[in-house]
1. In the range 28-68, which residue that is exposed (fewer than 14 other Cβ atoms within 10 Å of the Cβ) and acidic (Asp, Glu) is nearest to residue 9 (Cα to Cα)?
2. Quick one: which of 95, 24, 37 is touching a helix residue (DSSP H, G or I) at 6+ places or on another chain (Cβ under 7 Å), aliphatic (A, V, I, L, M) and under 28 Å from residue 143 (Cβ atoms)?
3. Only one of 133, 154 is assigned to a loop (DSSP other than H, G, I, E, B) and touching a Ser or Thr at 6+ places or on another chain (Cβ under 8 Å); which?
4. Output the qualifying pairs, or none if there are none: Cβ atoms under 7 angstrom, residues six or more apart or on different chains, first residue in the range 72-83 and of a type in the set (S, T, N, Q), second residue part of a helix (DSSP H, G or I).
5. Can you tell me which residue is nearest to residue 106 (Cα to Cα) among those in the range 2-38 that are out of contact with any Leu (no Cβ under 8 Å at 6 or more places or on another chain) and among the small types (Gly, Ala, Ser)?
6. Looking at the range 86-107, is at least one residue at pLDDT 95 or above and either closer than 19 Å to residue 9 by Cα or touching a Cys at 6+ places or on another chain (Cβ under 6 Å) (or both)?
7. Which condition from (1) surrounded by 12 or more Cβ atoms within 10 Å (Cβ to Cβ); (2) aliphatic (A, V, I, L, M); (3) farther than 18 Å from residue 22 by Cβ is the one that residue 80 breaks?
8. Does the range 115-127 include one or more residues that are under 23 Å from residue 12 (Cα atoms), surrounded by fewer than 21 Cβ atoms within 10 Å (Cβ to Cβ), among the hydroxyl-bearing types (Ser, Thr, Tyr) and at pLDDT 95 or above?
Amino acid sequence: MIYQTDRRLGRYLNKYGCLFTSIAFARPYFGGRDWTAEELREKWDTAIIKRFISGDLNLDGDMDDPGELEIQDHNAVCNLLNVPMSYIPGHHVPAAPIEPNMFAIGAFFNPRTKFTHFAVINRDKQVIFDPIQGGSVTCREGYLKNMRLYERNQ
């Protein structure tokens, strides 16, 4: 799997691509071919151009401001990444059940660093894929704040 920290992906995907990379992980998870760095970078760029992911909202020449590089259309991102699943809207509480036909991405929060980071979790709410190679401090030291849930398409 390609990790969000792979330098070939570019600065913004390296810094803000944890949810996107977690969705991309679903393709090989469901039995599809894994991504190359070039393919994943092209999909990221396409998602921004098509506004599936927000871009430079205040037109200041960077994408480091609040609201920038956030997924706007989860289903469009899933389709772009050839992932057979549909988004179940909302920020689901950690106690919500993860059904067998679901794919779950946890939003972890670290109170010390004040960072939020996304990682794929299993039905027991354990991290099975952290987009940061070697594992993130946020997942290691933080807690599961909420979840993004997707239903596998039949």
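The values are calculated or read from the model by the stated rules, or taken from the named source; none is laboratory data. Note that the structure is predicted; figures quoted are calculated from it, not measured. Using ideal geometry, Cβ is built from the backbone for each residue, glycine included, and neighbour counts are taken over all protein chains shown.
1. Looking at residues that are exposed (fewer than 14 other Cβ atoms within 10 Å of the Cβ) and acidic (Asp, Glu), I get 38.
2. Working: 95 fails: touching a helix residue (DSSP H, G or I) at 6+ places or on another chain (Cβ under 7 Å); 37 fails: under 28 Å from residue 143 (Cβ atoms).
Answer to the check: 24.
3. Values: 154 fails: touching a Ser or Thr at 6+ places or on another chain (Cβ under 8 Å).
From the options 133, 154, the qualifying one is 133.
4. Listed pairs, sorted by first residue: 82/27.
5. Selected residue: 22.
6. No, the range 86-107 has no match at all.
7. (3)
8. Yes, the range 115-127 has at least one match.
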